[in-house]
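The values are calculated or read from the model by the stated rules, or taken from the named source; none is laboratory data. Computed from a prediction, not measured in an experiment: that's the story for all the values here. Glycine also receives a Cβ, built like all others from the backbone with ideal geometry; neighbour counts cover every protein chain displayed. Quick note on the areas: whole protein, heavy atoms, side chains included, nothing else; ligands and nucleic acids left out. Shrake-Rupley method; radii C 1.70, N 1.55, O 1.52, S 1.80 Å.
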Amino acid sequence: MVLRSRCKFGPVLVLFQLGYVALLLLCVTHLRFARAETKTVVQKDAEFDVTYNDTVTSDNQTIYAFNHTVSRNKTEGVRVTVDVLSEGAESSPILFVVRQKQAVLSFQVPLILRGLYQRKYPYAHVGRTLCQPPTRTLTETQYFFVDVSTLSSLGTHYQLRISRVDSFTLHTDKKFSFTASPSQPQYFKYVFPDGVDTAIVKVNSEMTFPCSVMSIQDIQCPVYDLDNNVAFIGMYQTMTKTAAITVQRKDFPSNSFYVVVVVKTEDEACGGPLRFYPLRPDELIDAGNRSKTLDVVVSPAINSDVYVMGMLFCLGIFLSFYLLTFLVACVENKRMHRRREGLLNPADMSPAETGIPNSLMLFLSAIVSTADNASTLSSEAITDSIASDANYGYMERSLESVTGRSRQESLSSIEEDDYDTLADIDSDKNIVRTKKYLCVSDLARKDKRVLSKKYQIYFWNIATIGVFYALPVIQLVITYQTVVNVTGNQDICYYNFLCAHPLGNLSAFNNILSNLGYVMLGLLFLLIVLQRDIIHSRALDRNDLNALECGIPKHFGLFYAMGTALMMEGLLSACYHVCPNYTNFQFDTSFMYMIAGLCVLKLYQKRHPDINASAYTAYACLAAVIFFSVLGVVFGKGNMVFWIVFSVLHILATMLLSTQLYYMGRWRLDSGILRRIVYVIYTDCIRQCSGPMYIDRMVLLVMGNIVNWSLAAYGLLKTPNDFASYLLAIAICNLLLYFAFYIIMKLRSGERIQCMAMVCILFTAVVWGFALFFFFQGLSTWQKTPAESREHNRDCIVLSFFDDHDIWHFLSSIAMFGSFLVLLTMDDDLDNVQRDKIFVF
């Protein structure tokens, strides 16, 4: 019965218990709200430049009310400075909220700023500048309030001070000094004066560290002035001792902007040491004193007139070479015309009086009948043959013995492997090419049309490579520039910011414009080569004796490739300078490797036309060089394994190339190579001590091996960071060594260097000297951090538009053009010497 009654009233008891619990919760909530309503809120009328010492708890909140007069013609900054004086405030920070007319600023004190690996740095002293809302009236009284609160039940003592910043507005060309720290950033306002469309903002400091950030932001609230948000808007760059940003009026609708300077919590971004890893994730680390004294100055940048002058100056320099070339061609043509008239019309002189052999007089008479169609090369050849007869023992030879096949045969049906002038090419060439004393005639036995076609492939291949290489490069650098413009991150590109003149979307137009010389002088060189090619082709069509049997065999394919490479170097260097950094440095160096390799090949081809490397082999080797350049840039920095592998490959390649050159290609790399090496060592060194058969070649190769082994050892010991430049230095050293050897052997063989070639050599050497001086000025370097790189920045030195690196572009393009002319003209003295009288070295 009892159980039955309990079951009957059970639901009623449950409902009663639930109601009781709900009533208790309601009472507790009411008590909490009643307690909250008892929280004390105190509002005080406050004044500027007065320090307020107070205490805040969770039971009280203090509001400081300020008012000040704002003028449209004068901008004053307002700065809030707060200090927390109580110990242990990190666990219960104070919240400060500044309420303005059009902006709200809030921050806690101690201010916790994060570094790498979630390191936390507390700052008990905080200073912030308030954003100034614009006013439309002449004068206006504005109010703002500072709310101070905390959730700590314990009292926290603090100091509050509001002050005016009288020097808030920067003036043109007037330096202003200030102090900043991570918790006390600074920013100032600059208004473009009338007539100034572009300004350059420079921030400098005597202190390298702490690392800081300079930012340019539009006039709007809020202003991002802390380490964790300064990159959210505007343009910015890290700095150690110097920073500079060029600002254009068109980017700021209000014709004014803020210059924000923030000191970072850590120095890693500027190349400084990295702090230890925290033992506990929530451990607070004392940052120490990170105050930094800086000064800022805003100066007008160049105007449009300077841009025009810079472009005209650049065009004028290189167009002058076109004019000079035209004048030299006119003078030379007139001089040769007079000489031809004097030779072909000897007034009142007998052959004996002229000193010209009868056979040559007959030859001249044959030429007279076709004088109207004769070329400059023909007349020059006749004249020079007279002058060089005594020196080189020029032998007469009938035209019938050298005409050979008809030159009307189609080139398209001839291949190098199908035709050779040697009677038995498989056996006889081994005898000819291993003679102790070789002449050019021994290595110029293949058909000229076949070799011409072979060397023309150099030009077509490099033109194809250039197109396929340049198109993605242009697309990539445009993307780089777009990223810089959109994000405002100027640490992406390593400019000389003290002399970086923007134009349109380009940040450093002057560095791009200065590459025009490579393109213009490369085109001029192509025109000069084309003119020589046409003259030589006409001479061959006439079966001219000198063109067929005398002088260094003229193959212009490599010259065309060199001129094209110079033009491509200008284009790709301009692309690199759109946004220079370590990821695209290969754009600037790839065709430098090409140029160095082509120059070496041309020097070798001059006296080894039959056995020079094919275009496919040459470009494959250059592709391997560029491949290693990319690997070195990406993996070579501080990687000893990479340097060991590269040094071993460098030495092996040097030895293989030396063997190839010494034996003129008449050796085999097969399974019996070791046996043959041991045999040669035994017969030539142990059994009997005999010297090398080819002494001149051995001297060159020994010197080359010494240089290359030394460079390999240097790279292995020093492991330079700039691997691309190190690789380029290897190429240039080998080119200079071979060129010096060629000149020495040329003079040693009794040959001479004509006046034009000597002028080119001297002029080029002087220009290279000045060019290298400006190159080593080092205005920026991507081997360091962007902030460290900016320490090397310098002002413009020419027309307030071009810097040292631009002068390097000017001079190096001229020097390369001169170097090409040297290669083109250095053997002109042999144009009338039979090839069996010209030695191979």
Query - Simple spin-label estimate for THR172 and GLU268 in nanometres, 7 Å along Cα-Cβ - result: 4.3 nm
Query raised in the report: So between PHE468 and MET703, what do we pick up on full extension, going 0.36 nm a residue minus the alpha carbon distance?
Result: 80.8 nm
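Determine the gain in length on full extension of the stretch VAL486-GLN777; use 0.36 nm per residue of separation and subtract their C-alpha separation, reporting nm with one decimal. Mind showing how you got there, number by number?
Details: separation 291, 0.36 × 291 = 104.76 nm, distance 3.13 nm.
That works out to 101.6 nm of additional length.
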Query raised in the report: In nm, to one decimal, how far is the modelled label at ASP59 from the one at VAL42, with both set 7 Å along Cα→Cβ?
Result: 1.3 nm
Query raised in the report: What FRET efficiency comes out for the pair ASP836/LEU652, r = Cβ-Cβ distance, R0 = 35 Å, nearest 0.05?
Result: 0.40
**Report entry** In Å², nearest 10: area of ASP305 left accessible to a 1.4 Å probe
**Finding:** 100 Å²
**Report entry** Accessible solvent surface per residue of segment 167-301, calculated while the other protein chains remain in place, 1.4 angstrom probe, Å²
**Finding:** 42 Å²
Query raised in the report: Simple spin-label model, 7 Å along Cα-to-Cβ: VAL798 to GLU206 in nm?
Result: 3.6 nm
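Can you sort MET655, MET214 by solvent-accessible area, 1.4 Å probe, largest first? Write out the running numbers ahead of the final one.
Numbers: MET655 90, MET214 0 Å².
Order by accessible area, largest first: MET655, MET214.
So which of LYS120/LYS718; LYS334/LYS554; LYS174/LYS264; LYS101/LYS174 end up more than 30 Å apart, counting from Cα to Cα? Don't skip to the answer; put the middle values down first.
Values: LYS120/LYS718 38 Å; LYS334/LYS554 24 Å; LYS174/LYS264 26 Å; LYS101/LYS174 32 Å.
In this structure, LYS120/LYS718; LYS101/LYS174 lie more than 30 Å apart at Cα.
Leaving ligands and nucleic acids out of the surface, order ILE63, ILE317, ILE681 by accessible area at 1.4 Å, largest first.
Numbers: ILE63 20, ILE317 40, ILE681 80 Å².
Highest to lowest solvent-accessible surface, that is ILE681, ILE317, ILE63.
Please work out how much length the chain gains when fully extended from CYS755 to VAL678, using 0.36 nm per residue of separation minus the C-alpha to C-alpha distance, in nm with one decimal. Before the final figure, lay out each step's value.
Values: separation 77, 0.36 × 77 = 27.72 nm, distance 4.94 nm.
Here the answer is 22.8 nm.
Tally up the carbon and sulfur contribution to the accessible surface of segment 142-295 as a whole percent, 1.4 Å probe, everything protein left in place.
Numbers: 3390 of 6780 Å².
Carbon with sulfur: 50 percent of the solvent-accessible area.
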